[in-house]
Each structure stands twice: as C-alpha cells, then as structure tokens.
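First comes the structure, then the notes that go with it.
The values are calculated or read from the model by the stated rules, or taken from the named source; none is laboratory data. Worth saying up front: this structure is predicted, and the values here are computed from it rather than measured. No Cβ is skipped: glycine too gets one built from the backbone with ideal geometry, and neighbour counts run over all protein chains shown. These accessible areas exclude ligands, DNA and RNA; they are computed on the full protein's heavy atoms, side chains included. Shrake-Rupley method; radii C 1.70, N 1.55, O 1.52, S 1.80 Å.
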Amino acid sequence: MHKAYFVTGTDTDVGKTVCSCAILNAADQAGIAMVGYKPIASGCDRTPQGLRNSDALLLQQASSVSVTYDEVNPYSFYQPVSPHIAVIEENKVIEFSVLSQGLANLKTKSDCVLVEGAGGWRVPINATDYLSSWVKQEQLPVILVIGIKLGCLNHALLTAEAIQADGLIVVGWIANCIEPQTDNYTAMITWLEQHLPGEKMAEIPYLSRDQMSNCSVYIDLTTLR
C-alpha cells in the first residue's frame with residue numbers, strides 16, 4: 001500500500017465522499033491507520049469555529065486517526081463554486097506548497113492518507129493551474145469514482161486517459177450507482193471492466209442516505225497495491 005492515494009470522480013456529485021468514507025471505514029476495520037484529506041472544499045457553512053464543509057467533516061469523522069478540521073481541509077470556500085471562481089470572490093490564493101505541507105503532515109500521523117479531490121480531474125484552481133497539476137507534482141496513485149448513469153462510460157474513459165496522460169496510475173476504480181434505476185447496468189460494468197485501467201475496487205448499489213454509512217462492506221482494499 002502507498003502512503004497516499006488521490007480520489008477523483010468522473011464529475012461532481014458522483015459520490016467521491018461516500019466512496020472515500022467507505023475506504024476509510026474499511027481501512028479502519030482492517031487495522032490500517034488511514035486519514036482523509038480534503039485540501040480544497042467549496043460550499044461551506046459559517047460556524048463559530050469558521051467555515052466548515054460537510055464532506056470534509058465526514059472525512060474527519062471516518063478517519064481512524066484523530067486530526068483537526070484545519071488539518072483535513074486547509075482551503076475552504078463559502079460558495080459552492082469551482083475553486084478558480086471562489087479564489088477570486090474571496091480574494092484568496094491556493095498555493096501548492098500549502099497542499100503539500102498538509103499532505104506531509106498527515107503522512108507523519110498515519111499509515112496512509114486518502115486525498116479527496118474537488119469535482120472532476122481537471123477542476124481549475126486559478127487561471128492557469130488545475131488540482132490535477134498538484135496531484136501530478138506529488139505523483140499520487142489515483143482512485144477513480146464513476147457515477148453509474150447514462151453517459152458514464154465516455155466520462156470514465158476520458159478521465160482515465162487524462163490521468164494516464166499526466167503520467168499517473170489509476171490503481172483502482174469504484175462503480176457507484178447514483179440513480180435508483182439504471183438501464184443496462186450489467187453491460188456498463190462489463191464494459192468498464194474490459195476498458196478501464198486498474199482494478200475494480202467496489203460496486204456500490206443505489207443506497208438511501210441512511211444506508212450510506214455501511215458502504216465499507218463493498219470495498220476491496222487488496223486492490224490498493
């Protein structure tokens with residue numbers, strides 16, 4: 001197992017956080033000290049403690065290592081918009097050095113860091129850079145979350161190709177069913193198994209919000225080599 005992995009999605013709202021928490025919970029059950037890291041989070045609530053993002057809070061809660069919120073989420077933005085827009089609206093600058101320092105800190109406190117991205121692979125963080133540029137700098141192996149729905153095959157393959165074009169490895173992928181009924185589900189999964197790099201880590205069926213806390217049962221950690 002590597003010291004860190006990066007979780008990306010075929011799009012926004014495909015279940016990256018659900019899948020990340022499932023991996024964290026599975027790691028905890030396997031005796032692996034794994035911590036979640038959400039370096040950039042848009043769409044936060046104002047609290048007496050400062051801005052808080054619901055996804056980052058879930059990662060903090062699911063981590064088997066006790067860490068502060070600021071360690072999990074160094075960059076938080078109020079509006080639920082792309083980071084390159086948020087930095088302009090809030091007059092902030094996202095620095096790769098801060099992201100790297102946060103990752104290095106969490107590595108010292110755990111066996112493994114699970115880094116959850118924002119949006120898809122090419123989410124921009126300013127006028128010239130993408131979050132994927134930092135992932136490439138850190139040479140992180142990638143876990144791809146695919147929201148299973150009409151059109152996901154194209155999105156999945158294009159994302160995998162972009163990751164590989166950046167010189168990175170797709171170590172595994174998760175099929176996350178985000179709609180209650182999906183036509184040709186089995187055929188789509190078969191196609192993904194035949195065409196995507198990396199191993200299938202999980203197939204997560206469509207679940208109610210109450211059921212999502214038990215997703216760790218679907219995760220195969222042996223794929224993380």
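Name the residues in the stretch 80-137 that are assigned to a helix (DSSP H, G or I) and either polar (S, T, N, Q) or under 22 Å from ILE174 (Cα atoms) (or both), would you?
SER97, SER100, GLN101, ASN105, THR108, LEU131, SER132, SER133, VAL135, LYS136, GLN137 - these are the residues of the stretch 80-137 that are assigned to a helix (DSSP H, G or I) and either polar (S, T, N, Q) or under 22 Å from ILE174 (Cα atoms) (or both).
Of the conditions (1) open to solvent by 30 Å² or more (accessible area, probe 1.4 Å); (2) at pLDDT 95 or above; (3) more than 28 Å from LEU192 (Cα to Cα), ALA127 satisfies every one except a single condition; which number is it?
All conditions are met except number (2).
Within the stretch 62-92, count every residue that is among the hydrophobic types (A, V, I, L, M, F, W, C), over 18 Å from the mean Cα position of the chain (by Cα) and under 12 Å from ILE40 (Cβ atoms).
Number of matching residues: 2.
Name the residues in the stretch 51-79 that are part of a helix (DSSP H, G or I), surrounded by fewer than 17 Cβ atoms within 10 Å (Cβ to Cβ) and of a type outside the set (Asp, Glu), would you?
SER54, GLN61, listed by residue number.
Checking ASP45 against (1) open to solvent by 50 Å² or more (accessible area, probe 1.4 Å); (2) in contact (Cβ under 8 Å) with a residue 24 or more places away in the chain; (3) in contact with a Leu (Cβ under 8 Å, 6 or more places away or on another chain), which test does it fail?
With respect to (1) open to solvent by 50 Å² or more (accessible area, probe 1.4 Å); (2) in contact (Cβ under 8 Å) with a residue 24 or more places away in the chain; (3) in contact with a Leu (Cβ under 8 Å, 6 or more places away or on another chain), ASP45 is out only on (2).
How many residues are out of contact with any strand residue (DSSP E or B) (no Cβ under 8 Å at 6 or more places or on another chain) and either within 18 Å of VAL7 (Cα to Cα) or open to solvent by less than 20 Å² (accessible area, probe 1.4 Å) (or both) when one looks only at the stretch 100-121?
The total comes to 2.
What number goes with the only condition from (1) within 24 Å of PHE96 (Cα to Cα); (2) in contact with a Gly (Cβ under 6 Å, 6 or more places away or on another chain) that VAL67 does not pass?
The single condition VAL67 does not satisfy is (2).
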